[in-house]
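Note sheet for the following structure.
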Amino acid sequence: MIYTITLNPTIDYIVTVPQLALGHSHHMQDELITPGGKGIMVSRVLKALGIPSIALGFRGGFTGDFVRDYMEELNILNQFTVIKERTRINLVLKSDQDTEISDYGPSATDEEVARFMKGFEDISTQDFVVMSGSKLPSMPKDFYEQLIRSLHEEGVPFACDITKDELRNSLQYHPLVVKPNQKEVGEFFGRTFTTWQEVVPYGKQLVELGAQHAIVSLGGDGALLFTPNEVIYAPPLSGKVANPVGAGDSMVAGFVGTFIRTGDASEAFRVAVAAGTATAFSPDIATTEEIEAQLGRVVLEIIE
Ligand SMILES: Nc1ncnc2c1ncn2[C@@H]1O[C@H](COP(=O)(O)OP(=O)(O)O)[C@@H](O)[C@H]1O
Ligand SMILES: O=P(O)(O)OC[C@H]1O[C@](O)(COP(=O)(O)O)[C@@H](O)[C@@H]1O
(Lines give C-alpha, C1' and ligand atoms only; values in the text may rest on other atoms or scores of the structure.)
(Ligands and ions follow the chains in the order given, each with its own letter.)
Protein backbone atom coordinates (compact mmCIF):
# COMPACT_ATOMS: atom_id res chain seq x y z
CA MET A 1 0.00 0.00 0.00
CA ILE A 2 1.14 3.54 -0.69
CA TYR A 3 0.84 5.85 2.32
CA THR A 4 0.86 9.59 1.68
CA ILE A 5 1.78 11.87 4.54
CA THR A 6 0.44 15.40 4.73
CA LEU A 7 1.55 16.82 8.05
CA ASN A 8 -0.03 20.20 7.28
CA PRO A 9 -3.17 19.75 5.09
CA THR A 10 -5.12 22.72 3.74
CA ILE A 11 -8.34 23.82 2.30
CA ASP A 12 -7.23 25.53 -0.88
CA TYR A 13 -9.59 28.44 -1.51
CA ILE A 14 -8.97 29.42 -5.12
CA VAL A 15 -10.75 32.58 -6.28
CA THR A 16 -10.66 34.16 -9.70
CA VAL A 17 -10.87 37.96 -9.74
CA PRO A 18 -10.11 39.46 -13.13
CA GLN A 19 -8.31 42.82 -12.93
CA LEU A 20 -7.62 42.73 -9.24
CA ALA A 21 -6.78 46.18 -7.84
CA LEU A 22 -5.42 46.42 -4.31
CA GLY A 23 -7.55 48.63 -2.07
CA HIS A 24 -10.75 48.09 -4.13
CA SER A 25 -13.79 45.81 -3.65
CA HIS A 26 -14.39 43.07 -6.21
CA HIS A 27 -16.88 40.34 -7.04
CA MET A 28 -15.25 37.01 -7.74
CA GLN A 29 -15.80 35.39 -11.12
CA ASP A 30 -15.17 31.85 -9.93
CA GLU A 31 -14.23 29.92 -6.81
CA LEU A 32 -12.93 26.46 -5.97
CA ILE A 33 -12.83 25.07 -2.43
CA THR A 34 -10.77 21.92 -2.40
CA PRO A 35 -8.76 19.83 0.08
CA GLY A 36 -5.04 20.25 -0.39
CA GLY A 37 -1.64 19.89 1.07
CA LYS A 38 0.84 18.02 -1.05
CA GLY A 39 0.33 14.44 0.20
CA ILE A 40 -3.44 14.74 -0.13
CA MET A 41 -2.99 15.95 -3.72
CA VAL A 42 -0.74 12.92 -4.35
CA SER A 43 -3.47 10.59 -3.01
CA ARG A 44 -6.07 12.27 -5.22
CA VAL A 45 -3.95 11.84 -8.36
CA LEU A 46 -3.07 8.23 -7.46
CA LYS A 47 -6.81 7.66 -7.27
CA ALA A 48 -7.22 9.13 -10.77
CA LEU A 49 -4.50 6.70 -11.91
CA GLY A 50 -6.42 3.79 -10.36
CA ILE A 51 -3.87 3.26 -7.57
CA PRO A 52 -5.10 2.98 -3.96
CA SER A 53 -3.40 4.86 -1.14
CA ILE A 54 -3.98 5.73 2.50
CA ALA A 55 -3.65 9.40 3.44
CA LEU A 56 -2.09 10.12 6.83
CA GLY A 57 -1.42 13.40 8.61
CA PHE A 58 -3.11 15.77 11.03
CA ARG A 59 -6.53 17.37 10.76
CA GLY A 60 -8.53 19.55 13.12
CA GLY A 61 -11.65 21.72 13.42
CA PHE A 62 -14.35 22.26 10.79
CA THR A 63 -11.74 22.63 8.06
CA GLY A 64 -10.24 19.28 9.03
CA ASP A 65 -13.73 17.74 8.93
CA PHE A 66 -14.13 19.12 5.39
CA VAL A 67 -10.85 17.49 4.34
CA ARG A 68 -11.96 14.14 5.76
CA ASP A 69 -15.48 14.35 4.26
CA TYR A 70 -14.08 15.21 0.83
CA MET A 71 -11.61 12.32 0.95
CA GLU A 72 -14.41 9.95 1.95
CA GLU A 73 -16.53 11.23 -0.95
CA LEU A 74 -13.63 10.48 -3.28
CA ASN A 75 -13.28 7.02 -1.70
CA ILE A 76 -9.69 7.69 -0.64
CA LEU A 77 -8.73 5.80 2.51
CA ASN A 78 -7.55 8.18 5.23
CA GLN A 79 -6.41 7.85 8.81
CA PHE A 80 -5.68 11.41 9.89
CA THR A 81 -4.74 12.10 13.47
CA VAL A 82 -7.37 14.47 14.87
CA ILE A 83 -5.92 17.53 16.64
CA LYS A 84 -7.48 20.32 18.65
CA GLU A 85 -6.37 23.24 16.49
CA ARG A 86 -7.93 24.02 13.11
CA THR A 87 -6.53 22.84 9.75
CA ARG A 88 -5.34 25.85 7.71
CA ILE A 89 -6.92 27.57 4.71
CA ASN A 90 -4.64 28.70 1.86
CA LEU A 91 -5.86 31.47 -0.41
CA VAL A 92 -4.98 31.54 -4.11
CA LEU A 93 -6.05 34.72 -5.92
CA LYS A 94 -6.16 34.12 -9.65
CA SER A 95 -5.94 37.32 -11.66
CA ASP A 96 -3.57 38.76 -14.28
CA GLN A 97 -0.91 37.31 -11.99
CA ASP A 98 -1.61 34.59 -9.41
CA THR A 99 -1.10 35.50 -5.74
CA GLU A 100 -0.91 32.93 -2.95
CA ILE A 101 -1.44 33.62 0.74
CA SER A 102 -0.51 30.56 2.81
CA ASP A 103 -1.23 29.99 6.47
CA TYR A 104 1.53 28.44 8.62
CA GLY A 105 -0.98 25.94 9.98
CA PRO A 106 -1.99 24.72 13.44
CA SER A 107 0.15 23.36 16.26
CA ALA A 108 -0.01 19.77 17.47
CA THR A 109 0.59 18.74 21.08
CA ASP A 110 3.14 16.07 22.04
CA GLU A 111 0.25 13.69 22.73
CA GLU A 112 -1.22 14.30 19.26
CA VAL A 113 2.16 13.70 17.60
CA ALA A 114 2.60 10.51 19.64
CA ARG A 115 -0.79 9.29 18.35
CA PHE A 116 0.32 9.99 14.77
CA MET A 117 3.61 8.11 15.31
CA LYS A 118 1.69 5.10 16.62
CA GLY A 119 -0.19 4.83 13.29
CA PHE A 120 3.17 4.96 11.55
CA GLU A 121 4.23 1.74 13.28
CA ASP A 122 1.93 -0.36 11.02
CA ILE A 123 3.87 0.55 7.87
CA SER A 124 6.05 -2.33 6.60
CA THR A 125 8.71 -3.01 3.96
CA GLN A 126 5.92 -4.06 1.55
CA ASP A 127 4.53 -0.52 1.67
CA PHE A 128 5.69 2.77 0.18
CA VAL A 129 5.59 6.19 1.83
CA VAL A 130 5.29 9.58 0.09
CA MET A 131 6.03 12.57 2.31
CA SER A 132 5.24 16.01 0.96
CA GLY A 133 4.82 19.60 1.96
CA SER A 134 5.41 21.71 5.03
CA LYS A 135 5.35 20.41 8.57
CA LEU A 136 3.31 21.89 11.40
CA PRO A 137 4.96 25.00 12.86
CA SER A 138 5.09 23.35 16.31
CA MET A 139 7.26 20.48 15.02
CA PRO A 140 11.02 20.35 15.55
CA LYS A 141 13.24 21.26 12.59
CA ASP A 142 14.31 17.65 12.10
CA PHE A 143 10.84 16.08 12.25
CA TYR A 144 11.00 14.88 8.65
CA GLU A 145 14.50 13.51 9.15
CA GLN A 146 13.35 11.56 12.21
CA LEU A 147 10.50 10.02 10.17
CA ILE A 148 12.76 9.26 7.21
CA ARG A 149 15.51 7.76 9.39
CA SER A 150 13.04 5.43 11.07
CA LEU A 151 11.61 4.34 7.69
CA HIS A 152 15.14 3.77 6.38
CA GLU A 153 16.05 1.69 9.43
CA GLU A 154 12.92 -0.43 8.91
CA GLY A 155 13.70 -0.79 5.17
CA VAL A 156 10.51 1.00 4.04
CA PRO A 157 10.91 2.64 0.59
CA PHE A 158 9.90 6.29 0.36
CA ALA A 159 9.80 9.41 -1.80
CA CYS A 160 9.67 13.01 -0.66
CA ASP A 161 8.69 16.42 -1.96
CA ILE A 162 10.24 18.66 0.66
CA THR A 163 12.63 21.60 0.42
CA LYS A 164 15.78 23.27 1.77
CA ASP A 165 17.49 21.55 4.75
CA GLU A 166 14.75 18.92 4.94
CA LEU A 167 15.51 17.91 1.33
CA ARG A 168 19.26 17.99 2.02
CA ASN A 169 18.93 15.73 5.07
CA SER A 170 16.70 13.26 3.21
CA LEU A 171 19.15 12.50 0.40
CA GLN A 172 21.50 10.30 2.47
CA TYR A 173 18.54 7.89 2.98
CA HIS A 174 18.14 7.39 -0.81
CA PRO A 175 14.56 8.44 -1.59
CA LEU A 176 13.13 6.78 -4.72
CA VAL A 177 12.48 10.26 -6.08
CA VAL A 178 12.68 13.89 -4.97
CA LYS A 179 10.80 16.60 -6.88
CA PRO A 180 11.89 20.16 -6.33
CA ASN A 181 10.87 22.79 -8.87
CA GLN A 182 13.44 25.03 -10.56
CA LYS A 183 13.16 27.74 -7.90
CA GLU A 184 13.59 25.23 -5.08
CA VAL A 185 16.73 23.78 -6.72
CA GLY A 186 18.05 27.35 -6.92
CA GLU A 187 17.35 27.93 -3.21
CA PHE A 188 18.96 24.58 -2.36
CA PHE A 189 22.22 25.39 -4.13
CA GLY A 190 22.18 29.18 -3.59
CA ARG A 191 21.79 29.92 -7.31
CA THR A 192 19.35 31.83 -9.54
CA PHE A 193 18.66 30.22 -12.92
CA THR A 194 17.63 32.18 -15.99
CA THR A 195 17.29 29.14 -18.29
CA TRP A 196 16.34 25.52 -17.55
CA GLN A 197 19.63 24.35 -19.11
CA GLU A 198 21.48 25.96 -16.19
CA VAL A 199 19.61 23.64 -13.79
CA VAL A 200 21.08 20.45 -15.28
CA PRO A 201 24.39 20.22 -13.32
CA TYR A 202 22.50 20.87 -10.07
CA GLY A 203 19.81 18.26 -10.75
CA LYS A 204 22.64 15.77 -11.31
CA GLN A 205 24.02 16.66 -7.89
CA LEU A 206 20.73 15.66 -6.22
CA VAL A 207 21.37 12.12 -7.49
CA GLU A 208 25.07 12.27 -6.59
CA LEU A 209 24.04 13.27 -3.06
CA GLY A 210 21.89 10.14 -2.74
CA ALA A 211 18.47 10.42 -4.44
CA GLN A 212 17.72 7.40 -6.66
CA HIS A 213 15.94 9.72 -9.10
CA ALA A 214 15.30 13.46 -9.16
CA ILE A 215 12.60 15.25 -11.11
CA VAL A 216 13.02 18.99 -11.45
CA SER A 217 9.77 20.56 -12.60
CA LEU A 218 10.21 23.66 -14.72
CA GLY A 219 6.62 25.00 -14.86
CA GLY A 220 5.96 26.27 -18.39
CA ASP A 221 9.42 25.06 -19.50
CA GLY A 222 8.63 21.36 -18.94
CA ALA A 223 10.52 18.97 -16.66
CA LEU A 224 13.84 17.14 -16.20
CA LEU A 225 14.46 13.62 -14.91
CA PHE A 226 17.86 12.70 -13.45
CA THR A 227 18.82 9.05 -12.96
CA PRO A 228 22.30 7.71 -12.11
CA ASN A 229 22.89 7.16 -15.87
CA GLU A 230 20.76 9.65 -17.79
CA VAL A 231 19.28 13.12 -17.94
CA ILE A 232 15.91 13.25 -19.73
CA TYR A 233 14.12 16.44 -20.73
CA ALA A 234 10.35 16.62 -21.32
CA PRO A 235 9.51 19.79 -23.25
CA PRO A 236 6.28 21.53 -22.16
CA LEU A 237 3.08 20.42 -23.87
CA SER A 238 0.96 23.10 -25.50
CA GLY A 239 -2.35 23.97 -23.88
CA LYS A 240 -4.13 26.51 -21.73
CA VAL A 241 -3.19 26.65 -18.07
CA ALA A 242 -6.33 26.68 -15.92
CA ASN A 243 -4.96 26.14 -12.41
CA PRO A 244 -1.39 24.94 -11.75
CA VAL A 245 -2.00 24.24 -8.02
CA GLY A 246 -1.13 20.58 -7.51
CA ALA A 247 0.75 20.15 -10.81
CA GLY A 248 3.96 19.26 -8.94
CA ASP A 249 2.11 16.84 -6.65
CA SER A 250 0.59 15.21 -9.73
CA MET A 251 4.10 14.53 -11.03
CA VAL A 252 5.06 12.82 -7.76
CA ALA A 253 1.94 10.63 -7.93
CA GLY A 254 2.55 9.77 -11.59
CA PHE A 255 6.18 8.82 -11.02
CA VAL A 256 5.74 6.85 -7.79
CA GLY A 257 2.56 5.05 -8.89
CA THR A 258 4.09 3.98 -12.20
CA PHE A 259 7.57 3.12 -10.91
CA ILE A 260 6.11 0.83 -8.25
CA ARG A 261 4.17 -1.02 -10.95
CA THR A 262 6.84 -1.15 -13.67
CA GLY A 263 10.29 -0.36 -12.20
CA ASP A 264 10.81 1.75 -15.35
CA ALA A 265 11.99 5.29 -14.55
CA SER A 266 11.48 6.64 -18.04
CA GLU A 267 7.89 5.33 -18.24
CA ALA A 268 7.24 6.67 -14.73
CA PHE A 269 8.52 10.09 -15.87
CA ARG A 270 6.21 9.99 -18.90
CA VAL A 271 3.19 9.47 -16.63
CA ALA A 272 4.51 12.14 -14.23
CA VAL A 273 4.68 14.70 -17.04
CA ALA A 274 1.23 13.74 -18.33
CA ALA A 275 -0.29 14.03 -14.85
CA GLY A 276 1.47 17.34 -14.05
CA THR A 277 0.43 18.85 -17.37
CA ALA A 278 -3.14 17.57 -17.11
CA THR A 279 -3.50 19.15 -13.67
CA ALA A 280 -2.01 22.47 -14.83
CA PHE A 281 -4.58 22.51 -17.67
CA SER A 282 -7.51 21.50 -15.43
CA PRO A 283 -9.48 23.75 -13.03
CA ASP A 284 -8.90 21.17 -10.22
CA ILE A 285 -6.75 18.05 -9.94
CA ALA A 286 -6.68 16.19 -13.27
CA THR A 287 -9.17 13.43 -13.96
CA THR A 288 -8.26 10.00 -15.35
CA GLU A 289 -9.43 11.07 -18.82
CA GLU A 290 -7.43 14.31 -18.71
CA ILE A 291 -4.24 12.42 -17.78
CA GLU A 292 -4.83 9.85 -20.52
CA ALA A 293 -5.34 12.65 -23.06
CA GLN A 294 -1.85 14.02 -22.29
CA LEU A 295 -0.04 10.64 -22.10
CA GLY A 296 0.28 10.15 -25.85
CA ARG A 297 1.57 13.70 -26.31
CA VAL A 298 4.58 13.46 -23.95
CA VAL A 299 7.95 13.61 -25.69
CA LEU A 300 11.10 12.54 -23.84
CA GLU A 301 14.54 13.69 -25.01
CA ILE A 302 17.64 12.02 -23.58
CA ILE A 303 20.00 14.97 -23.28
CA GLU A 304 22.89 13.24 -21.44
N1 LIG B 1 2.37 26.53 -18.19
C2 LIG B 1 2.57 25.22 -18.33
N3 LIG B 1 2.60 24.68 -19.56
C4 LIG B 1 2.84 23.36 -19.74
N5 LIG B 1 3.06 22.51 -18.72
C6 LIG B 1 3.05 22.99 -17.46
C7 LIG B 1 2.80 24.36 -17.19
N8 LIG B 1 2.86 24.54 -15.84
C9 LIG B 1 3.12 23.34 -15.30
N10 LIG B 1 3.23 22.40 -16.26
C11 LIG B 1 3.55 20.96 -16.09
O12 LIG B 1 3.38 20.61 -14.72
C13 LIG B 1 4.65 20.26 -14.12
C14 LIG B 1 4.72 20.73 -12.69
O15 LIG B 1 4.57 22.15 -12.65
P16 LIG B 1 5.45 23.09 -11.71
O17 LIG B 1 4.76 24.42 -11.71
O18 LIG B 1 6.87 23.07 -12.16
O19 LIG B 1 5.36 22.35 -10.30
P20 LIG B 1 5.21 22.93 -8.82
O21 LIG B 1 3.72 23.07 -8.63
O22 LIG B 1 5.79 21.88 -7.95
O23 LIG B 1 5.96 24.24 -8.77
C24 LIG B 1 5.70 20.90 -15.04
O25 LIG B 1 6.95 20.23 -14.94
C26 LIG B 1 5.04 20.74 -16.41
O27 LIG B 1 5.23 19.41 -16.89
O1 LIG C 1 2.63 22.33 2.56
P2 LIG C 1 3.01 23.49 1.69
O3 LIG C 1 4.43 23.41 1.21
O4 LIG C 1 2.66 24.81 2.34
O5 LIG C 1 2.15 23.39 0.37
C6 LIG C 1 0.75 23.40 0.43
C7 LIG C 1 0.18 23.71 -0.90
O8 LIG C 1 0.70 22.82 -1.84
C9 LIG C 1 -0.32 22.33 -2.68
O10 LIG C 1 -0.43 20.95 -2.40
C11 LIG C 1 0.01 22.61 -4.12
O12 LIG C 1 1.31 22.11 -4.41
P13 LIG C 1 2.01 22.26 -5.83
O14 LIG C 1 1.27 23.33 -6.60
O15 LIG C 1 3.44 22.58 -5.53
O16 LIG C 1 1.88 20.92 -6.48
C17 LIG C 1 -1.60 23.02 -2.29
O18 LIG C 1 -2.66 22.14 -2.22
C19 LIG C 1 -1.30 23.57 -0.92
O20 LIG C 1 -1.93 24.79 -0.71
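The values are calculated or read from the model by the stated rules, or taken from the named source; none is laboratory data. The structure presented is a predicted model; accordingly, all values stated were derived computationally and were not measured. Because the Cβ atoms are built from the backbone with ideal geometry, glycine has one as well, and the counts that use them run over all protein chains shown. Side chains included, ligands, DNA and RNA excluded: accessible areas come from the protein's heavy atoms. Shrake-Rupley method; radii C 1.70, N 1.55, O 1.52, S 1.80 Å.
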Original post:
Based on the Cα gyration tensor of the range 211-304, what are the three equivalent ellipsoid semi-axes, each the root of five times an eigenvalue, rounded to whole Å and given largest first?
Top reply: 20, 14, 11
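Sort Thr125, Thr163, Thr34 from largest to smallest accessible area, using a 1.4 Å probe on the heavy atoms of the protein chains.
Per-residue accessible area, sorted high to low, gives Thr125, Thr163, Thr34.
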Original post:
Just from its helices, what would the mean residue ellipticity at 222 nm be for the chain, if runs of 4 or more DSSP H residues each count -39500 (n - 2.57) and the sum is divided by every residue, rounded to the nearest 500 deg cm²/dmol?
Top reply: -11000 deg cm²/dmol
Subject >> Gain upon complete extension [Asp127, Leu20; 0.36 nm per residue less C-alpha separation] >> reply: 33.9 nm
Original post:
How many nm separate the modelled label positions at Gln79 and Thr109, each set 7 Å beyond the Cα in the direction of the Cβ?
Top reply: 2.3
Subject >> Within-12-Å neighbourhood charge of Ser266 [Cβ basis; K, R +1; D, E -1] >> reply: -3
Subject >> Kirkwood Rh in Å, taken over the range 1-86 so that all alpha-carbon pairs contribute >> reply: 14.0
Original post:
In the range 211-277, what trypsin sites (Lys or Arg not before Pro) fall in a loop by DSSP, with at most 13 other Cβ atoms inside 10 Å?
Top reply: Lys240
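Given the Cα-Cα distance of Glu267 and Glu230 and 0.36 nm per residue of separation, how much length would full extension add, in nm?
The Glu267-Glu230 span can extend by a further 12.0 nm.
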Original post:
Over the heavy atoms of Met117, what accessible area does a 1.4 Å probe trace out, to the nearest 10 Å²?
Top reply: 60
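If you take the square roots of the eigenvalues of the alpha-carbon gyration tensor of the range 118-177 and sort them as a ≥ b ≥ c, do you get rounded (a/c under 1.5), prolate (a/b over b/c) or oblate?
Working: a/c = 1.84, a/b = 1.31, b/c = 1.40.
Here the range 118-177 falls in the oblate category.
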**OP:** Calculate the length of the line joining the C-alpha centroid of the range 90-164 to that of the range 199-258, in whole Å.
**Re:** 21
Subject >> GNM top mover of Gln146, Gln19, Gln212 - the chain, alpha-carbon springs below 10 Å >> reply: Gln19
**OP:** State the percentage of accessible surface on the range 1-154 attributable to carbon and sulfur atoms; use a 1.4 Å probe and exclude ligands, DNA and RNA.
**Re:** 50
Subject >> Label-point gap, in nm, between Thr192 and Asp30 - each point 7 angstrom along Cα→Cβ >> reply: 3.2
**OP:** Starting from the residue with the highest accessible area, list Arg297, Arg59 in decreasing order, probe 1.4 Å.
**Re:** Arg297, Arg59
**OP:** Counting other Cβ atoms within 10 Å, keep those with at most 16, restrict to DSSP loop, and tell me which trypsin sites (Lys or Arg not before Pro) in the range 157-230 are left.
**Re:** Arg191
Original post:
How large, in percent, is the carbon and sulfur part of the accessible surface of the range 167-304 at a probe radius of 1.4 Å?
Top reply: 51
**OP:** Could you pull the accessible area for Glu292 with a 1.4 Å probe, rounded to 10 Å²?
**Re:** 120
Original post:
Taking the Cα centre of the chain as the origin, how large is its charge dipole in debye, to the nearest 20, when only Lys and Arg (+1) and Asp and Glu (-1) carry charge on their Cβ atoms?
Top reply: 160
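Might you tell me the accessible area per residue for the chain, computed with a 1.4 Å probe and given in Å²?
Each residue of the chain exposes 46 Å² on average to a 1.4 Å probe.
Between Glu100 and Ala293, 0.36 nm times their residue separation minus their Cα-Cα distance comes to what?
The Glu100-Ala293 span can extend by a further 66.6 nm.
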**OP:** Please build a GNM for the chain, connecting alpha carbons under 10 Å apart, and tell me which residue among Asn90, Asn169, Asn229 fluctuates the most.
**Re:** Asn229
Original post:
Can you give the alpha-carbon Rg of the range 85-192 over 2.2 N^0.38 Å, where N counts its residues?
Top reply: 1.22
**OP:** Would you kindly calculate the mean projected area, averaged across all directions, of the convex hull enclosing the Cα atoms of the range 129-279, in square nanometres?
**Re:** 9.0
Original post:
When the chain is treated as a GNM, springs tying every alpha-carbon pair under 10 Å, which of Leu176, Leu22, Leu74 comes out with the largest mean-square fluctuation?
Top reply: Leu22
Original post:
With a ≥ b ≥ c the root eigenvalues of the C-alpha gyration tensor of the chain, is it rounded (a/c under 1.5), prolate (a/b larger than b/c) or oblate?
Top reply: rounded
